[in-house]
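For reference, the structure discussed in these notes is given below.
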Amino acid sequence: MAHTNSRKFLAKAMRRNGYSVKEISKKLEISTSTASIWLRNVVLDEKAQERLKGRKILGQYKAGLLRKQKTSTQK
């Protein structure tokens, strides 16, 4: 499937704003590998890196809650 240049441009802009490759691939409905190839040379500034760190911490927190939930229901 051919992708338009506007999609590539949008993907790069999203990445510069701190979106993860997975978020971008879902939002633009492209494969993660395609997004990864398009975005491999995009340099993230400090603000973008902070957004990604925050999302990582939030994901870890949610995973911990789910793990607690599963273990408490198994008893």
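What is the sum of charges around Lys26, taking Lys and Arg as +1, Asp and Glu as -1, for the other residues whose C-beta is under 14 Å from the C-beta of Lys26?
Net charge in that neighbourhood comes out at +3.
How much length is gained if the chain between Glu46 and Arg16 is pulled fully straight, taking 0.36 nm per residue apart and subtracting their Cα-Cα distance, in nm to one decimal?
Full extension of this stretch gives 9.8 nm more.
Counting only heavy atoms of the protein chains, get the accessible area per residue of the stretch 12-75 (1.4 Å probe) and round it to a whole Å² value.
Accessible surface, normalised per residue, equals 80 Å².
How much accessible surface area, in Å² rounded to 10, belongs to the heavy atoms of Lys68 with a 1.4 Å probe?
Lys68 exposes around 140 Å² with every protein chain in place.
Between Gln60 and Glu23, take the C-beta separation as r, use R0 = 25 Å, and let me know the FRET efficiency to the nearest 0.05.
Taking R0 as 25 Å, the efficiency between Gln60 and Glu23 is 0.95.
In square angstrom, rounded to the nearest 10, how much accessible surface does Ile57 have for a 1.4 Å probe?
110
Using a Gaussian network model on the chain with a 10 Å cutoff between Cα atoms, which of Leu65, Leu39, Leu28 fluctuates the most?
So, out of Leu65, Leu39, Leu28, the one fluctuating most is Leu65.
Quick one: net charge of Arg7's neighbours, Cβ under 14 Å, K/R +1, D/E -1? Intermediate values should be presented prior to the final figure.
Values: positive: Lys8, Lys12, Arg15, Lys26, Lys27; negative: Glu29.
Residues near Arg7 contribute +4 overall.
Ordering Thr4, Thr34 from largest to smallest accessible area (1.4 angstrom probe), what's the sequence?
Values: Thr4 75, Thr34 35 Å².
Heavy-atom accessible area, descending, gives Thr4, Thr34.
At a threshold of 8 angstrom on Cα-Cα distance, excluding pairs fewer than six apart, so keeping six or more, what relative contact order does the chain reach in percent? Walk me through the numbers before you get to the answer.
Numbers: 47 pairs, mean separation 22.9, N = 75.
So the answer I get is 31 percent.
As a test of understanding, state the convex hull volume per residue of the chain from its alpha carbons, in Å³. All intermediate terms of the calculation are to be shown ahead of the outcome.
Values: hull volume 7.3 nm³, N = 75.
Each residue corresponds to 97 Å³ of Cα convex hull volume.
For the chain, which whole percent of the accessible surface, found with a 1.4 angstrom probe, sits on carbon and sulfur atoms?
Numbers: 3280 of 6130 Å².
C and S atoms contribute 54 percent here.
How much accessible surface does Glu50 have with a 1.4 Å probe, in Å² rounded to 10?
Its accessible surface works out to 100 Å², give or take rounding.
Going by accessible area, probe 1.4 Å, with all protein chains left in place, what is the ranking of Tyr19, Tyr61, largest first?
Result, largest first: Tyr61, Tyr19.
The values are calculated or read from the model by the stated rules, or taken from the named source; none is laboratory data. From a predicted model like this one, the values you see are computed outputs, not experimental measurements. All Cβ positions, even for glycine, are placed from backbone atoms using ideal geometry, and neighbour counts span all protein chains on display. The protein model used for the area step is the full one, side chains on, heavy atoms only, and it has no ligands, DNA or RNA in it. Shrake-Rupley method; radii C 1.70, N 1.55, O 1.52, S 1.80 Å.
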